[in-house]
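Structure first, then comments.
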Amino acid sequence: MKIFLGADHAGFRLKEEIKKYLSRAKYDVHDLGAFKLEKNDDYPAYAARVGRAARRDPASRGLVLCGNAEGVCITANKIRGVRAALGYSTYAAKTSRTDDDANVLCLAGRVLKSAEAKKITAAFLKTKFSDAKRHARRIKQIKKLEKNACLAEAPTERSERRDKGGPKIIPAILAKNAIDFAQKLRLVEGAASRVQIDVIDGKFVSPKNWADPEIIKTIPTPIKYELHLMVADPAAEIKKWKKIKNVKKVIFHIEVKRNPASIIKAIKRFGWQAGTALNPATPITRLRPVIQKINTVLFLGVTPGRSGQKFQPRILKKMRNLKKIAPRVTIQVDGGVNLKNAREILRAGADTLCAANAIYKTAKPKKIINEFKKIN
C-alpha cells in the first residue's frame, strides 16, 4: 500500500517518526513535504498535496500533520474525493475506516506522543471499510453533494499550472551573446514571470552557448530564473551562479557521469529548487535514486543542443507513467513545444511548458505567451 505523508513545522518531527515506523513496516512511503523543518511554513500546501495524491490512487492512504490536526483536516476535505478524518484515538481511526471509508488521516503533532500516533496510524491502515449498507449509502450521499453542489475544492494540478488564466509557460533563452540575452529578456517582461536559461558547455552537448552569470547579474529585471544545465560538470557550473538572486531553480541532466545526490545537495545548499532533465531516449527508471529529492522533472521533447527541432511524441507515455509513480513532482516539457501540440502535452501530464522558437521566432512574443496561457 502506498502511504503519502505531509506535515508543516508543527507536525514535522512526528511525521519523521511515523515515516521511519512505516518504512520499517514495509509500506511504500512517499513523503510530500516538508522535507526539512521550516519554522514559518503553512500547512495547506502539504495537506493539499497529500489529498490529491490519495485521490489519484484509491488504494493508497494519506497522513497529514499540523499542530492540532484541524487545519490539515479542513484543507484536505476541500479536495473532491477526499474523506479526511481526525485521528485523536485508535477508536476514531478505526471507525473512520469502517464507517466512513476515510482515505486521509489527520494527526496532531503538538498533542500526540510518538507511540500513541503510531498506534493510531496502524489502526487506520489495517482497518477496512465495512461495506455496511448504511455506511455505503452515506458515502454515496457525500459524493452526490460533491458533484452537484460543487463544494469548494483545493486546486488541481491543471489549475495550479495556470498563470493568469492559462497554463504556465516559461520562455527558454538560448543566447548567442549578452545583447541577445538582454533582448530576449526584455521581449517577455510583463508577460512571463520566469525564464529558463539554457547553459551548454560544448562537452555534454554542443555547440556551446553564451550564459555568463557575471554579466547576467548586472541586468535589472523582475523576472526569476531557472537554469537548465546541459553541462558535463553541474556542480562546478552551479558555483558560478551562487550570487545571482533571481535564480530559483536549477535543473541538471540525469545522464551526466556524476553522483546525482551530490549535485542535488549542492543545488539545495544555495536555497534553490532542484530538478533533473531527461533526454528523449532516457528511461524514467534512471530517476529512482533521486525522485524523492527533487521538485521537478524536465522532459526534453528533442535531443538537446540545437534549437528548432520537432517534438518527439514518445515522451508523452513516459510523462504519464511518471505522474503515476511520483504525483507530487512537477513535470516540465522543453523542446519542440508550440501552440499546436501544447494541449496534447498538457493532457499527458505536463504542469509547465518551456518554449523558445514558438515565442521568439514571432513578431509578438508577449501575445504568443498569452495564447499559451489560454490553453486548457
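The values are calculated or read from the model by the stated rules, or taken from the named source; none is laboratory data. What you see is a predicted model, and the numbers here were worked out from it, not measured in a lab. So basically every Cβ, Gly included, is an ideal-geometry build from the backbone, and we count neighbours across all protein chains shown. Ligands, DNA and RNA are stripped out before the accessible areas are found, and what is left, the full protein with its side chains, is counted by its heavy atoms. Shrake-Rupley method; radii C 1.70, N 1.55, O 1.52, S 1.80 Å.
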Give me the pairs: first residue in segment 97-116 and within 12 Å of residue 85 (Cα to Cα) and aliphatic (A, V, I, L, M), second residue open to solvent by less than 40 Å² (accessible area, probe 1.4 Å) and assigned to a loop (DSSP other than H, G, I, E, B), beta-carbon distance under 6 Å, and six or more apart or on different chains, which are they? 104/82; 105/87; 107/69; 107/87; 108/69
Kindly provide the set of residues from segment 355-367 that are among the aliphatic types (A, V, I, L, M), open to solvent by 10 Å² or more (accessible area, probe 1.4 Å) and touching a strand residue (DSSP E or B) at 6+ places or on another chain (Cβ under 8 Å), ordered by number. 356
Criterion: within 23 Å of the chain's Cα centre (by Cα), part of a strand (DSSP E or B) and modelled with pLDDT of 95 or more - qualifying residue of 353, 316: 353
Is at least one residue of segment 299-318 of a type in the set (A, V, I, L, M), crowded, with 18+ Cβ neighbours inside 10 Å and more than 16 Å from residue 253 (Cβ to Cβ)? yes
Please verify whether residue 290 is touching a Ser or Thr at 6+ places or on another chain (Cβ under 7 Å), crowded, with 17+ Cβ neighbours inside 10 Å, of a type in the set (A, V, I, L, M) and not in a helix (DSSP H, G or I), treating the condition exactly as stated. yes
Kindly indicate which of 352, 330, 296 is hydroxyl-bearing (Ser, Thr, Tyr), touching a strand residue (DSSP E or B) at 6+ places or on another chain (Cβ under 7 Å) and closer than 16 Å to residue 229 by Cα. 296
Subset tally (residues that are outside any helix (DSSP H, G or I) and of a type in the set (A, V, I, L, M, F, W, C)) for segment 9-27: 2
Take segment 55-78 and flag every residue that is within 26 Å of the chain's Cα centre (by Cα), under 21 Å from residue 10 (Cβ atoms) and either in a loop (DSSP other than H, G, I, E, B) or modelled with pLDDT under 95 (or both). 67, 69, 77, 78
